[in-house]
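Visitor: Pasting a structure below so you can have a look.
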Amino acid sequence: MIIAPATSASSVSLAELARLADTAALRVGTVLGEPVRPLVVVPASAAEAARLAGTGPIEGLAALADGDRVLVVPEVFARLNPTGRDVVLAHELTHVAAGTDRLPIWLYEGFADYVGYRDSGLPVRTAAAELADEVRAGRLPAALPGPAAFAADGSDPARLARAYQEAWLACRFLADRFGEGTLVRLYREARVDGAERALAGLGLSTATLTARWRAYVREQLA
């Protein structure tokens, strides 16, 4: 379902948004193993989107999950190419469908990007271009990204991009190493028991995951 005011600044038609939302819902549902019914709201502006979400600055965001719905930020979403729109909607619908309670931010943002990029066809070095630049310069991330790295206040857009890429590659590593079904199961277990206990079921701790993830990042992007 798509809800949009007549004054929306988006240049994307409602019919196209509906198609994109249905496609994204199928992708999310395929990964989660359950049907996903999208509710996408298109406010008139970024300011209206922030007001509806009751959040702080949303500088640079094309959409955001808000409870059981996705709010599209029309000015930014309209500037995305078709692949970017697909990825963003699948990402935010993953938040809505899978939930984020009790999870570290790297896990819920990384999992949402894992779903978003899953069928995009984008090479890893393209999807993680900013992080690839850092790795090629000899600068590997030292730790999984925390809340500060995801600040969407416009102060450091490159760092924000790298935070998403770092989190994505952590979940991509888990899917590559243990299988997509195990990644989904870990996500669900982490919401109930916490991330450390869920990782322990795979013989990992946050520290051992970090070490293996850093090696994976180097392997994928160097």
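Visitor: Counting only the heavy atoms of the protein chains, how much of residue 22 is accessible to a 1.4 Å probe, in Å² to the nearest 10?
Guide: 90
Visitor: With each pseudo-label sitting 7 Å past Cα toward Cβ, what's the residue 161-residue 34 distance in nm, one decimal?
Guide: 3.5
Visitor: Dipole of the chain, Cα-centred, from +1 at each Lys and Arg C-beta and -1 at each Asp and Glu C-beta, to the nearest 20 debye? It would help to have the intermediate numbers written out before the result.
Guide: Working: 23 positive and 26 negative charges, 99 e Å.
The dipole of the chain has a size of about 480 debye.
Visitor: Before rounding to the nearest 500, sum -39500 (n - 2.57) across all DSSP H runs of length at least 4 in the chain and divide by the residue total; then give [θ] at 222 nm in deg cm²/dmol.
Guide: Working: 11 runs with 131 residues, N = 222.
One gets -18500 deg cm²/dmol as the mean residue ellipticity at 222 nm.
Visitor: Here is a further query. What is the percent carbon and sulfur in the accessible area of the chain, measuring with a 1.4 Å probe over the protein chains and ignoring ligands? Provide the component values of the computation, followed by the final result.
Guide: On the way: 5170 of 10080 Å².
Heavy-atom surface of the chain belonging to carbon and sulfur, 1.4 Å probe: 51 percent.
Visitor: Right, here's the next one. Expected output is a single nm value to one decimal: the length gained when fully extending between residue 140 and residue 81, i.e. 0.36 nm times separation in residues minus the C-alpha distance. What is it?
Guide: On the way: separation 59, 0.36 × 59 = 21.24 nm, distance 2.89 nm.
Using 0.36 nm per residue and subtracting the Cα-Cα distance, I get 18.3 nm.
Visitor: Per residue, how much accessible area does region 47-126 show when a 1.4 Å probe rolls over the protein heavy atoms, in square angstrom?
Guide: On the way: 3330 Å² over 80 residues.
Solvent-accessible surface per residue comes out at 42 Å².
Visitor: Measure nothing fancy, just the Cα-based angle from helix 157-178's long axis to the longest principal axis of the chain, in degrees from 0 to 90, nearest 10.
Guide: Approximately 60 degrees, to the nearest ten.
Visitor: Towards the positive end of the charge dipole of the chain, with charges on Cβ (+1 Lys, Arg; -1 Asp, Glu), say which of 137, 152, 17 has the farthest Cα.
Guide: The residue sitting farthest along the positive end of the dipole is 137.
Visitor: If you don't mind, another one. Determine Rg/Rh for the chain; Rg is computed over alpha-carbon atoms and Rh is the Kirkwood hydrodynamic estimate from the same atoms. Each step should come with its number before you reach the end.
Guide: Working: Rg = 17.0 Å, Rh = 17.7 Å.
Value, to two decimals: 0.96.
Visitor: How long are the semi-axes of the equivalent ellipsoid of region 57-144, taking √(5λ) for every eigenvalue λ of the Cα gyration tensor, in whole Å from largest down?
Guide: Working: eigenvalues 103, 60, 33 Å².
Semi-axes, largest first: 23, 17, 13 Å.
Visitor: Apply 1/(1 + (r/R0)^6) to the Cβ-Cβ distance of residue 129 and residue 205, taking R0 = 35 Å, and write down the FRET efficiency to the nearest 0.05.
Guide: Numbers: r = 30 Å, r/R0 = 0.86.
It comes out at approximately 0.70.
Visitor: Another question, if that's okay. Top mean-square fluctuation among 80, 39, 103, Gaussian network model of the chain, C-alpha springs under 10 Å?
Guide: It is 80.
Visitor: Now a separate question. Translational diffusion coefficient, Stokes-Einstein: compute it for region 98-146 using the Kirkwood radius over C-alpha pairs as Rh, at 37 °C and 0.692 mPa s, and state it as an integer in µm² s⁻¹. Write down the numbers at each step before the final one.
Guide: Values: Rh = 12.4 Å.
The calculation lands on 265 µm²/s.
Visitor: Over all directions, what mean area does the Cα convex hull of region 159-222 project, stated in square nanometres? Can you show the working numbers first?
Guide: Values: hull surface 17.8 nm².
With the hull built on Cα positions only, its mean projection is 4.5 nm².
Visitor: Give the angle, between 0 and 90 degrees and rounded to the nearest 10, that separates the Cα long axis of helix 206-221 from the longest principal axis of the Cα atoms of the chain.
Guide: The angle comes out near 70 degrees.
Visitor: Tell me, what ³J(HN,Hα) does each residue in region 121-129 have, in order and in whole Hz, if you take phi through Karplus 6.51 cos²θ - 1.76 cosθ + 1.60 with θ = phi - 60° and put x for Gly and Pro?
Guide: So the Karplus estimates, Gly and Pro as x, are x, 6, x, 4, 5, 7, 5, 10, 4 Hz.
Visitor: Kindly express, to the nearest 10 degrees and within the range 0 to 90, the angle between helix 82-98's C-alpha long axis and the longest C-alpha principal axis of the chain.
Guide: Rounded to the nearest ten degrees, it is 80.
The values are calculated or read from the model by the stated rules, or taken from the named source; none is laboratory data. What you see is a predicted model; the values in this text were computed from it and never measured. Virtual Cβ from ideal backbone geometry, glycine too; neighbours counted across all protein chains shown. Note: accessible area is taken over every heavy atom of the protein model, side chains too, but ligands, DNA and RNA are not part of it. Shrake-Rupley method; radii C 1.70, N 1.55, O 1.52, S 1.80 Å.
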